[in-house]
Amino acid sequence: MSKGNDATPTWSGFNYQGKMMILHVLKLINEIPKCHDIGKYSVEIEKTEDFSIICDSKYVSFHQVKAWLSSSKWERYKEAMDKLLEHRNESSNPKGKCYLMVAREIVDWDDHTNKYQSAIELYKYDSKIIGVSDVRNAIIQEVKKYLKAQKHNEKNADVVYGELCLFLDEAIARMHKKSAKEREYEILFSDFVDVMEEAIKKEGNREEYYLKEKIYDYLADNLKKAFEGVCQDVCGKTASECNAICAAKTVNDKIMEISDYTLFCKVLNPSKIEGWDNSLSLVENFPTDRLQDQVYELMYYSKTPEKIISDGRSIYLKSKFSGAVKGQIIPTLLDLKKGCGGRTEALQRIFQNIVNNTDIIDILEGNSITVLPGNTYKKTLSQEQITSSWKDSNPDKKISSYYKDIELISSKELFNRFEENGGNND
């Protein structure tokens with residue numbers, strides 16, 4: 001039974017969903033008796049559920065994974081749990097176990113009003129909820145159990161962990177190269193074992209893993225600071241103290257489900273084309289203060305969390321204030337004052353870079369993107385000036401009309417519209 005929409009682009013060996021799957025698979029590998037054939041077991045990714053465990057071609061368990069940090073009540077997960085049970089009941093094994101994996105404790109899970117607790121198990125590892133920053137150590141703990149059982153040196157656990165993350169990244173990349181109908185969604189448990197055994201044989205550590213992990217941690221920390229900044233500056237509370245649902249929280253939840261932060265960073269900086277081959281470019285183009293102002297805070301004042309969506313690559317706000325064909329706004333950090341000040345030639349250079357940015361143009365196409373109008377050179381670009389410059393830029397550079405139906409909208413103008421309209425309401 002298919003979920004009806006392919007969500008594998010949101011998966012990675014370096015995000016919460018992917019790591020939780022690795023953790024559970026390793027836990028099962030360590031628990032499978034030696035007399036059992038491990039070749040009978042596999043994990044299915046994003047077909048029936050976020051992931052499902054299969055044995056002898058039969059579903060054993062179904063897992064829904066949520067990296068939400070703003071939700072501590074079971075009702076917030078009602079839609080996800082309804083789908084989890086529906087997918088289980090329509091599968092080949094309607095009696096299979098159902099698990100909800102969350103990154104934050106659900107404080108009222110055992111409340112008598114929670115009708116799901118009898119059918120769905122809240123996943124815990126060593127009797128604890130595994131948070132975003134906890135999952136790495138939990139995986140390494142399972143890796144050490146495997147290494148000890150196989151009489152390998154446990155000091156290799158960190159290297160094995162890195163290889164498993166890269167292995168899942170590569171497996172997902174292979175899936176993306178095939179159409180949904182041709183795609184093989186299952187990964188054999190024996191493949192995970194092979195990766196671990198091969199990693200042990202390697203003499204050196206893979207620098208790619210260490211760099212990716214450090215950058216991922218840095219980006220995750222910047223996102224957390226930006227989110228917490230809005231909570232404290234606007235509401236005077238910490239995120240953990242607040243159980244209200246707001247647009248900033250929804251933005252944070254959607255961003256946490258994005259796996260490819262390189263692509264997301266490119267969307268945030270659509271006029272930057274060169275230098276992305278250096279992974280440290282993500283660090284310099286992911287500033288906490290601007291993420292807070294231009295993404296979290298701007299979306300907070302939309303006051304419509306239900307209109308914030310994600311496709312695993314970026315976040316979008318459905319809005320009547322978008323004049324683009326899709327009626328959606330993508331928040332970016334595009335700064336028209338940087339080395340520009342409204343000068344025609346500089347604007348043309350910025351706009352032409354957007355046109356030439358083939359990595360993300362399909363994401364921007366048909367949408368509005370926010371821009372900082374600038375305040376240097378004694379003036380700020382008005383929405384009219386921005387629109388005119390984008391629409392009527394040098395024809396020789398092939399921007400004689402809105403390129404691919406992309407609209408540029410001043411973040412200042414958008415904020416003013418939210419304020420005048422009481423938010424992003426219809």
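The values are calculated or read from the model by the stated rules, or taken from the named source; none is laboratory data. Quantities reported herein were computed from a predicted structural model and do not represent experimental measurements. Here the Cβ positions follow ideal geometry from the backbone for every residue, glycine too, while neighbour counts run over all protein chains shown. Surface areas here come from the heavy atoms of the whole protein model, side chains and all, with no ligands, DNA or RNA. Shrake-Rupley method; radii C 1.70, N 1.55, O 1.52, S 1.80 Å.
Amide hydrogen proximity for LYS272: with H placed 1.01 Å from N in the peptide plane, no residue at 5 or more positions away or on another chain lies under 5 Å. On a per residue basis, the convex hull of the C-alpha atoms belonging to the range 278-340 measures out at 135 Å³.
Per-residue 3J(HN,Hα) values for the range 261-270, derived from phi via the Karplus relation 6.51 cos²θ - 1.76 cosθ + 1.60 with θ = phi - 60°, read 6, 5, 5, 4, 5, 5, 5, 5, 10, x Hz in sequence order (x marks Gly and Pro). Per-atom-type breakdown for the chain gives carbon and sulfur 46% of the accessible area (1.4 Å probe, protein chains only). For the chain, the 222 nm mean residue ellipticity estimated from helices alone, with every DSSP H stretch of n ≥ 4 adding -39500 (n - 2.57) and the total spread over all residues, rounds to -12000 deg cm²/dmol.
Amide H to amide H distances under 5 Å link ILE369 with ILE330, GLU407, LEU408, ILE409, where only residues 5 or more positions off or on other chains count and H is placed in the peptide plane.
With θ taken as phi - 60° and the Karplus curve 6.51 cos²θ - 1.76 cosθ + 1.60 applied, the whole-hertz 3J(HN,Hα) list for the range 306-316 is 5, 9, 9, 10, 8, 10, x, 10, 8, 10, 9 Hz, x standing for glycine and proline.
The Cα atoms of the range 146-193 define a convex hull whose projected area, averaged across directions, is 3.6 nm².
Dividing the alpha-carbon radius of gyration of the range 214-366 by the rule-of-thumb value 2.2 N^0.38 Å gives 1.05. Gyration tensor over the Cα atoms of the range 168-293: the corresponding equivalent ellipsoid has semi-axes (square roots of 5 times the eigenvalues, largest first) of 33, 19, 17 Å.
Summing Cβ point charges (Lys, Arg +1; Asp, Glu -1) relative to the Cα centre of the chain gives a dipole of roughly 280 debye. Accessible surface area normalised per residue over the chain is 46 Å², counting heavy atoms of protein chains with a 1.4 Å rolling probe. Within the chain, the percentage of alpha carbon pairs spaced more than 42 angstrom apart rounds to 19%. Within a straight-line Cα-Cα reach of under 17 Å, LYS201 can be paired with the following lysines, leaving aside sequence neighbours fewer than 8 residues apart in one chain: LYS144, LYS148, LYS151, LYS155. Projecting the Cα atoms of VAL234, LEU26, TYR185 onto the dipole axis of the chain, where Lys and Arg carry +1 and Asp and Glu carry -1 at the beta carbon, places VAL234 farthest toward the positive end.
For the range 128-137, backbone phi angles converted through the Karplus equation (6.51, -1.76, 1.60; θ = phi - 60°) give residue-by-residue couplings of 10, 5, 9, x, 4, 8, 9, 5, 4, 5 Hz, Gly and Pro being listed as x. Its Cα centre serving as origin, the range 232-388 has a Cβ charge dipole (Lys and Arg +1, Asp and Glu -1) of approximately 560 debye.
In a reduced charge model with +1 at each Lys and Arg Cβ and -1 at each Asp and Glu Cβ, the range 59-119 shows a dipole moment near 160 debye about its Cα centre.
Largest GNM mean-square fluctuation across GLN292, GLN17, GLN232, computed for the chain with C-alpha springs under 10 Å, falls on GLN232. For helix 16-31, what angle does its Cα long axis make with the longest principal axis of the chain, in degrees from 0 to 90 and rounded to 10? Value to nearest ten degrees: 10. Pair-distance distribution P(r) for the range 60-212, from all Cα-Cα distances in 5 Å bins starting at 0: 2, 8, 14, 15, 17, 16, 14, 9, 5, 1, 0 percent.
Put CYS235, CYS165 in order of accessible area, highest first, and with a 1.4 Å probe you get CYS235, CYS165. Loop-located GluC sites (Glu not before Pro) in the range 152-199 (DSSP state not H, G, I, E or B) with no more than 16 neighbouring Cβ atoms inside 10 Å: GLU182, GLU184.
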